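So the structure is just underneath, and the comments pick up after that.
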Amino acid sequence: MASRLRGRTDVTCHRVHVGSRTEEFQELRPLLFSLAYRLLGSVAEAEDAVQEAWLRYETTPTRPRSPKAFLSAVVTRISIDVLRSARVRREQYVGEWLPEPLLTDPYEDPARSAELADSVSMAALLLLERLSPLERAVFVLREVFAFDFADVAAAVGRSEGACRQLLVRARDHVHSGRPRFEVDRQAREVLAARFFDAFRDGDVEGLRDVLAADVQLVGDAGGKAPALARIVVGADKVARLLATAFPRLARLDATLEQCEVNGQPGAMLRDREGKVAYLLALDMVDGRIQTVRSLGNPDKLGHLGPVADAWALRREFINVPRD
């Protein structure tokens, strides 16, 4: 009887231990996902990294003194391995590559709000692509999330001195190309409203008025949806191309739903069934739209909801007469 009671006591203690680990992990999950997303530029890969970190945490025989440091280090190491293998895939990618869109960043820290907002934009994530996996990890851990150098070093498996050198190199790469976004939120919303109103109406002049002279229209479909053959540059070319698109799509009962994409104004284009066909993201500088990014790769849109058949939508689109 005593033996049976001892067994039950051990099980009870184990359950309490697992339960408390679960609570710790759930509390840290938003931070871990936000860290992994900035390292990988992929929602799906970030979620996989966080899940793998939980499995390792759950099976660690001894409780780490700092769950935050332990789990962040695990997520970082997993992400570094993924980045190293992803380089080959991205070199073989069809057309322009863009990060997977993120509509809502789950992690909030009022003390780091500016850094968090800047680091999640499409433009910032594309800048991070210039870095080596180690440089990217050190930069994100230190500059974005303000980890101590001791924790950064433990996460990437390098000395603190080596991490400081990696950070210097990463800063040089990132700061030289850091985008100058429109910082006034109200001004961004007004400019975005003008852009999307003109886009819906097919208003060439209205679009031209809000576009920078050297604006770029960039499309990412990964060969899995209709996309631009190349980047389109210049206000007149971009305005005319955009102005022909939505009025014809509207005749197919397509809708445009404005939303925030990676902290910047954007919109989702939905087909008549409400499925996501494309996502648009805008970069704004000095009161003008500098970049319009169109993302149609269905592999990158699945986490937003049911995905439309963009090829079928295109077949219908080309049969719609121009005004």
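The values are calculated or read from the model by the stated rules, or taken from the named source; none is laboratory data. This structure is a prediction, so every number in the text was calculated from the model and none was measured. Reconstructed Cβ throughout: ideal geometry from the backbone, glycine too, with neighbour counts over all protein chains shown. Ligands, DNA and RNA are stripped out before the accessible areas are found, and what is left, the full protein with its side chains, is counted by its heavy atoms. Shrake-Rupley method; radii C 1.70, N 1.55, O 1.52, S 1.80 Å.
Within the range 133-177, the set of residues being at pLDDT 95 or above and among the hydroxyl-bearing types (S, T, Y) comprises S159 only. Within the range 112-153, being open to solvent by 50 Å² or more (accessible area, probe 1.4 Å), without any contact (Cβ under 8 Å) to a residue 24 or more places away in the chain and closer than 21 Å to E27 by Cα holds for S113, D148. From the list A239, A227, the one residue that fits, being touching a strand residue (DSSP E or B) at 6+ places or on another chain (Cβ under 8 Å), in a loop (DSSP other than H, G, I, E, B) and within 20 Å of T255 (Cα to Cα), is A227. Cβ separations smaller than 6 Å between residues 6+ apart or across chains give the following pairs from the range 19-33 residues that are of a type outside the set (D, E, K, R) to residues that are open to solvent by 30 Å² or more (accessible area, probe 1.4 Å): F25/W54; L28/K68; P30/P106; P30/Y107; L31/Y107; F33/P106. Scanning the range 245-255 for residues that are outside any helix (DSSP H, G or I) and open to solvent by less than 20 Å² (accessible area, probe 1.4 Å) yields a total of 2. Condition check: touching a residue at least 12 places away in the same chain (Cβ under 8 Å) and under 20 Å from the mean Cα position of the chain (by Cα). Does R194 satisfy that? For R194, the condition - touching a residue at least 12 places away in the same chain (Cβ under 8 Å) and under 20 Å from the mean Cα position of the chain (by Cα) - is not met.
The single condition among (1) in contact with a helix residue (DSSP H, G or I) (Cβ under 6 Å, 6 or more places away or on another chain); (2) free of Cβ contacts under 8 Å to residues at least 24 places away in the same chain; (3) among the acidic types (D, E) that D271 does not meet is (2). Taking the range 182-191 as the range and being of a type in the set (D, E, K, R) and free of Cβ contacts under 8 Å to residues at least 12 places away in the same chain as the test, the residues that pass are D184, R185. Among residues of the range 277-306 being assigned to a strand (DSSP E or B) and out of contact with any Leu (no Cβ under 9 Å at 6 or more places or on another chain), the one that is surrounded by the most Cβ atoms within 10 Å (Cβ to Cβ) is D283.
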